[in-house]
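Quick one: the structure is below, questions incoming.
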Amino acid sequence: MTEAEALVHREADKGGNRREWLLRLEDVKFTYPNGLQALGGVSLEVAAGEVVSLVGPSGCGKSTIISLVAGLNQPDGAVSWNPDGLADVDGHSRRLLNVVFQKNTVMPWLTVEKNVAFGLKYLSIPASEKKRRVSTLLEMVGLDEFRTAHPNELSGGMLRRVALLTGVATYPKLLILDEPFSALDEPTRILVHKDLLRLARELDMSVLLITHDLGEAISLSDQVGILTKRPARVAELHEIPLGRDREVEQVRATPTYQELYQTLWSGLWKQIGRES
Ligand SMILES: Nc1ncnc2c1ncn2[C@@H]1O[C@H](COP(=O)(O)OP(=O)(O)OP(=O)(O)O)[C@@H](O)[C@H]1O
Ligand SMILES: [Mg+2]
């Protein structure tokens, strides 16, 4: 399916189960000041509550897409937010977006709870609400007993959970993750995946995930986009019909997952193969 067809297809699907769009990129191009063209026209849509993953050749422009969505660079082309999707939910003060990067982003001199609370510092919500929010989140990922521990006392999986919570604590409408789990062994990664899906569901949060791991992309996402080599465009967009209530550790054994893996792998390889 071409990029244009995929967008039309998604518009047509609006009458079905798809929720209102939250973020839309239309033919977004970007060239760095040194003349290097990183993006060649990316079109993409993330619906409210949806997880969308992007996979693509190394160096194709994935992190550049994030920098444009986060407003760190100005694109050529439209990056739009749906104003209807941005109202506060249930009286919670919410931020538009937050980003969690691959490298450890926790501060070693702060305790777990202070790391998670750090992003709330400048939010105008009562201190009692901040405290409650941090406790709830730590409980949700099983870290409540470690609230006063420092990062050097935690395992790799626990550290990644803390990093995830630093992004989640502002209750962003969109959580952007740039290869956040790649340093974890597979069983630990799957446990952190379960936490991510639970957080996304319970906080009604959309997720834009950049990953090199096709299994991760399939098991977490509603949509997976395969990018071309640089300058990146969305070469293929695949629906992942595994439902929102999926159990990530179980979907891997299903024929649907295995078929999707083959389809995505051949799509990705087509792009990687073009590099050599
Ligand atoms: N600040 C910058 N100035 C100039 N070129 C840059 C800058 N940042 C990135 N690039 C280049 O833009 C291209 C895309 O980089 P980007 O980091 O977006 O790729 P990526 O897909 O995230 O790579 P990776 O798979 O390694 O994470 C690369 O060729 C990179 O060298
Ligand atoms: Mg990158």
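Does the range 166-176 hold any residues that are modelled with pLDDT under 95 and either within 16 Å of ligand 1 (Cβ to nearest atom) or assigned to a helix (DSSP H, G or I) (or both), and which are they?
Listed by number, the residues that qualify are 166, 167, 168.
Still on this structure, please answer the following. For the range 1-97, give me every one of the strands (runs of 3 or more DSSP E) that falls completely inside it and has 1 or more residues that are modelled with pLDDT of 95 or more.
21-31, 37-47, 51-55
A further question follows. Would you mention how many residues in the range 20-42 are of a type in the set (Lys, Arg) and in contact with a Pro (Cβ under 9 Å, 6 or more places away or on another chain)?
1
Right, something else. Looking at (1) assigned to a helix (DSSP H, G or I); (2) in contact with a helix residue (DSSP H, G or I) (Cβ under 9 Å, 6 or more places away or on another chain), which is the one condition that is false for residue 128?
All conditions pass for residue 128, except number (2).
Still on this structure: So, of the residues in the range 66-83 that are closer than 26 Å to residue 267 by Cα and more than 9 Å from ligand 2 (Cβ to nearest atom), which turns out to be surrounded by the fewest Cβ atoms within 10 Å (Cβ to Cβ)?
77
Which condition breaks for residue 165 when tested against (1) more than 16 Å from ligand 2 (Cβ to nearest atom); (2) closer than 19 Å to residue 123 by Cβ; (3) touching a residue at least 60 places away in the same chain (Cβ under 8 Å)?
Residue 165 satisfies every listed condition except (3).
Going through the range 185-213 one residue at a time, which ones are within 16 Å of ligand 1 (Cβ to nearest atom) and either assigned to a helix (DSSP H, G or I) or of a type in the set (D, E, K, R) (or both)?
The answer is 213, and nothing else.
The values are calculated or read from the model by the stated rules, or taken from the named source; none is laboratory data. Since this is a predicted model, take the numbers as computed values, not measurements. Quick reminder, even Gly has a Cβ in these numbers, built from the backbone with ideal geometry, and neighbours come from all protein chains shown.
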